[in-house]
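All remarks here apply to the structure that follows.
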Amino acid sequence: MRGAAATAGLGVLLVFTAALFDAAPLYVPGVALVTLAAGAVVWVLAGARGVRVSRSLGARRVLEEEPVAITVHVATGRAGLPAGAVEDDLLPDAAPLAGGRRATRLVVHARFARRGRKILPPPRVVVRDPFGLAARTVAGDHEDELLVLPRIEPVLTPARGPGGTGATTRRGRPTPAAEVDLDGLRPYREGAPASRIYWPALARRGELLERRLRADGDTRPLVVLDPRAPASEEDLDAAVRAAASLCVHLARRGGCALLLPSDRRPSPVDPSLARWAALHVRLAVVRPGAAPPVSGVTARRGAIFYVAARTTARVPRALLHGGGATATRVLVVPGVLRDRVTVLEVAGCAGYDLVAQPPGRDGRHLRAQEAVV
């Protein structure tokens with residue numbers, strides 16, 4: 001109301017000057033200015049009475065860069081809104097509202113480039129008089145919360161010769177996860193299913209033995225996220241996108257597991273992606289923090305993809321020595337490492353084999369490169 005107050009003050013000054021110096025011509029503009037200021041205030045107060053503004057979200061969860069429809073509803077009293085505009089942090093500029101309408105709906109298609117929880121302040125309606133002397137702001141009742149999930153990007157491997165596309169199109173269970181589940185023999189236990197009986201031993205020596213099977217989760221690929229000390233927020237976001245993309249990629253090809261810093265045990269992700277929604281939400285809110293607990297997973301026989309938020313070649317030593325001689329260990333970082341075999345590219349990150357040596361002159365790709373296709 002500063003404009004109306006200043007106008008009214010100027011009118012009062014003119015009236016006072018006219019009375020002090022007996023200048024009758026000054027009464028007319030003075031009274032006019034006071035009347036104009038009072039009329040503007042009444043106009044705005046009457047127009048803002050009964051105005052209500054609210055917001056509805058087309059979705060509460062959305063992927064990065066995915067458009068979401070956000071609707072702002074403006075309702076007024078019986079007289080309708082005289083004049084005004086909608087202000088919202090999602091709008092580059094205030095959106096003018098046509099006067100005389102009792103209800104107005106404004107649809108905004110917004111995109112969010114960064115993952116995480118987004119708190120949207122309440123939308124606001126600014127009621128103004130035609131001369132812009134007075135204004136009153138009516139805000140919504142509450143804030144809105146939107147969760148932006150890290151987007152899923154394709155996992156690519158280097159092209160395999162002339163005409164190669166580099167895309168990972170091979171279906172089925174990943175090579176590291178396709179190891180034989182047999183983990184040795186042991187004396188037959190009463191009640192064990194007949195499918196586990198090792199019949200050759202019974203036929204040759206008359207000894208009843210059963211197969212000892214390795215847990216299936218031990219052979220499935222594992223994705224480990226290390227969010228420590230990223231050089232920038234962009235690097236952390238890239239690492240989170242890479243971890244999410246690898247999980248979906250590997251899960252669709254036989255299943256995998258994801259180990260987050262706050263977990264003691266990996267969380268399985270089956271090919272149906274039934275549990276993926278909850279893990280996707282947790283990845284959306286990952287912040288820089290402590291290292292993931294890898295002591296309990298170093299003996300896994302399946303491939304381990306260690307996704308780090310910083311460009312470094314250092315990984316827990318236990319990862320390199322566990323799992324046997326045929327274990328695959330891949331380091332995924334948002335940067336370039338020299339003297340390493342690049343086995344994959346995903347979400348702006350590159351994966352490097354920690355076990356294999358650089359390829360020879362014949363350019364043949366090594367074992368770890370085959371593991372992710």
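Take each peptide in 32-42, 221-231, 102-112, count the other Cβ atoms within 10 Å of every residue, and average; sorted highest first, the result is 221-231, 32-42, 102-112.
Rounded to the nearest 20, the size of the Cβ-charge dipole of the stretch 48-149 about its Cα centre is 360 debye, with Lys and Arg at +1 and Asp and Glu at -1.
Put a dot 7 Å past the Cα of residue 17, heading toward its Cβ, do the same for residue 42, and the two dots end up 2.7 nm apart.
Each residue, residue 336 and residue 24, gets one label point 7 Å from its Cα in the Cβ direction; the gap between the two is 8.9 nm.
Protection proxy ranking for 149-157, 186-194, 346-354, using the average of other Cβ atoms within 10 Å per residue and placing the highest first: 346-354, 149-157, 186-194. Our estimate of slack between residue 137 and residue 208, defined as 0.36 nm per intervening residue step minus the Cα-Cα distance, is 17.1 nm.
Between residue 5 and residue 85, the contour length at 0.36 nm per residue exceeds the alpha carbon distance by 26.6 nm.
All of the numbers you see were taken from the coordinates with simple rules; none came from a lab. These numbers come from a predicted model, not from an experiment. As a convention, Cβ positions derive from the backbone with ideal geometry for all residues, glycine included, and neighbour counts pool all protein chains shown.
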